[in-house]
Amino acid sequence: MELFQVGPCESSYKMGYEIGHKFSSLIHSRLATDLILRNQLRPFAETKLGSPLMKELTRNNRDKFPRYWDELIGVAEGSGAPVLDIMLINFRKEIMPFLSKENDVNIPEDADTPDDCSDVLVVKDGMAIAAHNEDANVALVGHTYLIKANFEDGLSYTAYTYAGELPSCAFGFNTHGVAFTLNSVPPLEDEIVAGGIGRNFISRDLLEATSTSDALKRIRSSAVSVGHSYNLIDIPSRKIINVETASKNRISVHEIGSIPFFHANMYLHLQVPQVQDENSKARQVKAASLPKETKEDFLSVLGNTDYKKYPVYMTGPTLYTLCTAVFDLDTPSLSIIEGNPKKGNTTHVFRMT
């Protein structure tokens, strides 16, 4: 997995352009192999329901985050990919709930499997860790990279990025001492607001947060379309909070303490009607049964494959664990592990100071 250092740039568009140009072949490969894009998102964008939805998503997100919108357009034009394709993959979570309402699009049952990420978090004497499995559809295997972006005001962030998407719908950290990991959560269809702010734009904004309080303010200020779970990490103060959100400005905050906290892909403390995801529930039950006293225990939890149908560590055929990120607030460092985390094949280590 390649790390690309970019910036400072004269504009957000230029930064996006350089990223798109650098990873043009990887972006085109992702677009060519993404069956959800080809078979569902592209056809939907041309329908009577899809076309106005895309216009509304464009208007609301461009107005709220003009710099990030310019960055997205730069990624498209730098890579030579169709702007519509780049928009569709960045708004996938905001579009997919509406596909079933469009009769002109054929939707297989497994059209959009959840991004089934898992996290184990703890803050206690001698150990403060956020360990995260980044799980995704098979189309994303081999289609990720790391971005280290530098800005003229001295800000720098490092983010794990899906090809063609804004940094980062996965995890990252910045030089203000703010880090995060993310988990999708599935509210029921009636809880989703059409044309709201996209999760990719909110997480891109978090990379510029000056503190976890500022990050929380940025999350609260965005009228989201779908739900999300944010694990916000305050490196200097050795603090982790889990933030669950839903549309209509609903939010719940849980501070992590000495009792290990496992989060899969269902709401745990925000009271929202949600899809009963069997995969997530199985991982939650399995994690509760395993020891979680040491860092090695955490990696063992995230590497568990006991339940063959719904393992915590995923190896296909549809969902794969792309990597495991370990944020150690005492080092402080971010380690990225490829392969089963129990085996400890660390490929990247970043100092978070």
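Some points to look at:
- Residues (within 11 Å of the chain's Cα centre (by Cα) and either more than 12 Å from residue 352 (Cβ to Cβ) or touching a residue at least 40 places away in the same chain (Cβ under 8 Å) (or both)) located in region 169-184: 169, 170, 171, 180, 181, 182, 183, 184
- Region 47-68, residues that are hydrophobic (A, V, I, L, M, F, W, C) and touching a residue at least 60 places away in the same chain (Cβ under 8 Å): 53, 57, 65
- The lone criterion from (1) surrounded by fewer than 16 Cβ atoms within 10 Å (Cβ to Cβ); (2) closer than 23 Å to residue 169 by Cβ; (3) not polar (S, T, N, Q) left unmet by residue 319 is number (1).
- Residue within region 322-333 that is open to solvent by 70 Å² or more (accessible area, probe 1.4 Å) and either assigned to a helix (DSSP H, G or I) or closer than 21 Å to residue 203 by Cβ (or both) present: no
- All positions within region 23-35 that are farther than 16 Å from residue 84 by Cα and either of a type in the set (Asp, Glu) or without any contact (Cβ under 8 Å) to a residue 40 or more places away in the chain (or both): 25
- Within region 275-295, being free of Cβ contacts under 8 Å to residues at least 40 places away in the same chain, surrounded by 16 or more Cβ atoms within 10 Å (Cβ to Cβ) and farther than 29 Å from residue 226 by Cα holds for one residue alone: 290.
- Residues satisfying the stated conditions in region 210-249, i.e. part of a loop (DSSP other than H, G, I, E, B) and either at pLDDT 95 or above or open to solvent by less than 10 Å² (accessible area, probe 1.4 Å) (or both): 210, 211, 222, 225, 227, 235, 236, 237, 238, 247
- Residue 276 satisfies every condition listed in (1) over 13 Å from residue 133 (Cα atoms); (2) assigned to a strand (DSSP E or B) except (2).
- Residue list for region 31-48, restricted to those being among the hydrophobic types (A, V, I, L, M, F, W, C) and open to solvent by 50 Å² or more (accessible area, probe 1.4 Å): 32, 35
- Residues of region 1-59 that turn out to be among the aliphatic types (A, V, I, L, M) and within 23 Å of residue 319 (Cβ to Cβ), as a count: 9
- Restricting 298, 262 to those that are open to solvent by less than 30 Å² (accessible area, probe 1.4 Å), in contact (Cβ under 8 Å) with a residue 60 or more places away in the chain and assigned to a helix (DSSP H, G or I) reduces the list to 298.
- Residues being more than 23 Å from residue 53 (Cα to Cα) and surrounded by fewer than 24 Cβ atoms within 10 Å (Cβ to Cβ) - total across region 183-208: 1
- Single match in 64, 93 (criterion: basic (Lys, Arg) and open to solvent by 70 Å² or more (accessible area, probe 1.4 Å)): 64
- Filter result for the condition that a residue is modelled with pLDDT under 95, under 30 Å from residue 272 (Cα atoms), among the aliphatic types (A, V, I, L, M) and in contact with a helix residue (DSSP H, G or I) (Cβ under 8 Å, 6 or more places away or on another chain), over 192, 197: 192
The values are calculated or read from the model by the stated rules, or taken from the named source; none is laboratory data. None of these values were measured; they are calculated from a predicted model. Neighbour counts are summed over all protein chains in view; Cβ atoms, including those assigned to glycine, are modelled from backbone coordinates with ideal geometry. The accessibility values were calculated without ligands, DNA or RNA, using every heavy atom of the protein model including side chains. Shrake-Rupley method; radii C 1.70, N 1.55, O 1.52, S 1.80 Å.
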